[in-house]
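Asks: Let me begin by handing over the structure; questions about it come next.
No value in this document is a laboratory result; all are computed from the given coordinates. The shown structure was predicted, so the numbers you read here are calculated from the model rather than taken from an experiment. With ideal geometry, Cβ positions are generated from the backbone for all residues, glycine too; neighbour counts draw on all protein chains shown.
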């Protein structure tokens, strides 16, 4: 019998939470989002050993949640040798999804305890608490798209079929007291056909393929490094791999302090906003496609570098986005810049008023410019326009200084292939759809038309 879905919970900082605000302004506490890893591969490919090595390097406790197999009834038990344990129908995907959703939302779950000898779920169930990292292990965890959608990282352990068969024979005859004839019969009748039909095709969904399984120390070290990096990121960067938050330094934090301060003069606001914008633009340019190029240095040496794509343009959302144009021009000499004007209608509606875009924009990579991502309604309208002009979604990089979680959710769910580059993710939106803590009306402050700031300064003791 094959191993089915297993959950590995790495219990670190399980009590950490993040604060958000609801639309009525009240404060809510939501759990930190766990980093979910799926590990798939054929029978005896070394999945469990790979998981153990990851856990060992992360130095966390491991909780194995054995099976999500259905319990067999008496009729099925009579012909257990005719039962295909390697078919997707053999285990309870709905229960697996339910448990994963609860863990994602910071809730503890009770997992059935499946006995491989009796082929039934037995008491007691296993309680698992939410964690920073959850490893979901099993032959078919990459087969169902609903399960895949929960994952932040998808791994396929790729081991030679002869090696896997030899390991399976050794495991089943030694650990499960089965005779070799039954093991080979089951392998020929169910294991190999199911591998070819369900497991091997799921390999194409993997982000990382580990050849030789647990023998590949380099691959496992790189995976652990990536996990550690992700754990240090904002929760939304774990949920959406297309969201990129600039690494915060004291310089960046200091500039944010100045541009957010209601007492900051227009001159200083523009100066420090321009510095932040330049950093965001430079970071955004780093996500453009490139080709390798070798050049000769003045010393006569060969240097292997890269050349970024030249088919590039900017598009600013009027009028705040226009504040980002100078930084883009300073980085990309002679770049074409289009403009989009969108007007708000009520609380959520957006109407396109004006657009002026390069005629050949469909063949370009586009940097979409807007300093503040709030509800995401204007951004969605702008991106929809670009798509209607033939721009590929994956060719759009949306640049902003601050972003609200609500806006990130809205844009990323609508356009999962678009990239968002921002310098800070704020807490939430208030009931008026203003970013909190935010920096006020950016366009008014940048262009000197903000009377609200002057009024606030008069009232500040």
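Asks: Distance between Cα centroids, the range 401-442 to the range 101-150: provide it in whole Å.
Replies: Distance between centres, Cα-based: 33 Å.
Asks: Taking a spot 7 Å from the Cα of residue 363 along the direction of its beta carbon, which residues of the range 286-326 have an amide N less than 15 Å from it?
Replies: So the set is 310-313.
Asks: Where q = 0.19 Å⁻¹, what log10 of I(q)/I(0) comes from the Debye formula for the range 207-304, counting one point per Cα?
Replies: -1.06
Asks: What number, in percent, do you get for the relative contact order of the chain if the mean sequence gap of Cα pairs under 8 Å and at least 6 apart is divided by its residue count?
Replies: Relative contact order for the chain comes out at 15 percent.
Asks: When DSSP assigns beta bridges and you keep just the ones with both residues in the chain, what percent turn out antiparallel, to the nearest 5?
Replies: Approximately 50 percent, going by the DSSP bridge assignments.
Asks: Can you give the three extents of the C-alpha atoms in the range 303-425 along their principal axes, from longest to shortest, in whole Å?
Replies: 54, 30, 25
Asks: Can you give the angle from 0 to 90° between the axis of helix 217-231 and the longest principal axis of the chain, with both taken from C-alpha atoms, to the nearest 10?
Replies: 50 degrees
Asks: A follow-up question, please. In degrees, nearest 10, range 0 to 90: what is the angle between the Cα axis of helix 93-104 and the longest Cα principal axis of the chain?
Replies: The two axes meet at around 40 degrees.
Asks: Right, another one. Show me 393-402, 160-169 ranked by packing, highest mean number of other Cβ atoms within 10 Å first.
Replies: Put in order of decreasing packing, that is 393-402, 160-169.
Asks: Still on this structure, I have one more. At a Förster radius of 22 Å, what calculated FRET efficiency corresponds to the Cβ-Cβ distance of residue 129 and residue 57, to the nearest 0.05?
Replies: Efficiency for this residue pair is about 0.55.
Asks: Taking only the Cα atoms of the range 236-459, how large is their convex hull per residue, in Å³?
Replies: Measuring per residue, one finds 149 Å³ for the Cα hull of the range 236-459.
Asks: How far apart, in nm, are two points set 7 Å out from the Cα along the Cα-to-Cβ line at residue 175 and at residue 163?
Replies: 1.7 nm
Asks: What does the extension gain come out to for residue 104 and residue 409, with contour length at 0.36 nm per residue minus their alpha carbon separation? Please list the in-between numbers first.
Replies: Working: separation 305, 0.36 × 305 = 109.80 nm, distance 1.58 nm.
This chain segment gains 108.2 nm when fully extended.
Asks: Related question: Give me the extension gain from residue 306 to residue 94: residue separation times 0.36 nm, minus the current Cα-Cα distance, reported in nm with one decimal.
Replies: Answer, rounded to one decimal: 71.6 nm.
Asks: Could you work out the relative contact order of the range 303-411? I mean the mean sequence separation of Cα pairs under 8 Å and 6+ apart, divided by the number of residues, in percent.
Replies: 27 percent
Asks: Please give the helix 377-388 orientation as an angle from the longest Cα principal axis of the chain, in degrees from 0 to 90, rounded to the nearest 10.
Replies: For 377-388 against the chain, the angle is about 80 degrees.
Asks: If you don't mind, another one. Starting from a Cα-only point model with no solvent, please compute log10 I(q)/I(0) by Debye for the chain at q = 0.07, 0.08 1/Å.
Replies: Scattering profile of the chain, log10 relative to I(0): -0.48, -0.61.
Asks: Sticking with this structure for a sec: When ranked by the protection proxy of mean other Cβ atoms within 10 Å per residue, highest first, what sequence do the peptides 192-199, 378-385, 420-427 form?
Replies: In descending order of packing, they fall as 420-427, 378-385, 192-199.
Asks: Which semi-axis lengths, in whole Å and largest first, follow from the square roots of five times the eigenvalues of the Cα gyration tensor of the range 33-153?
Replies: Equivalent ellipsoid of the range 33-153: 25, 16, 14 Å, largest first.
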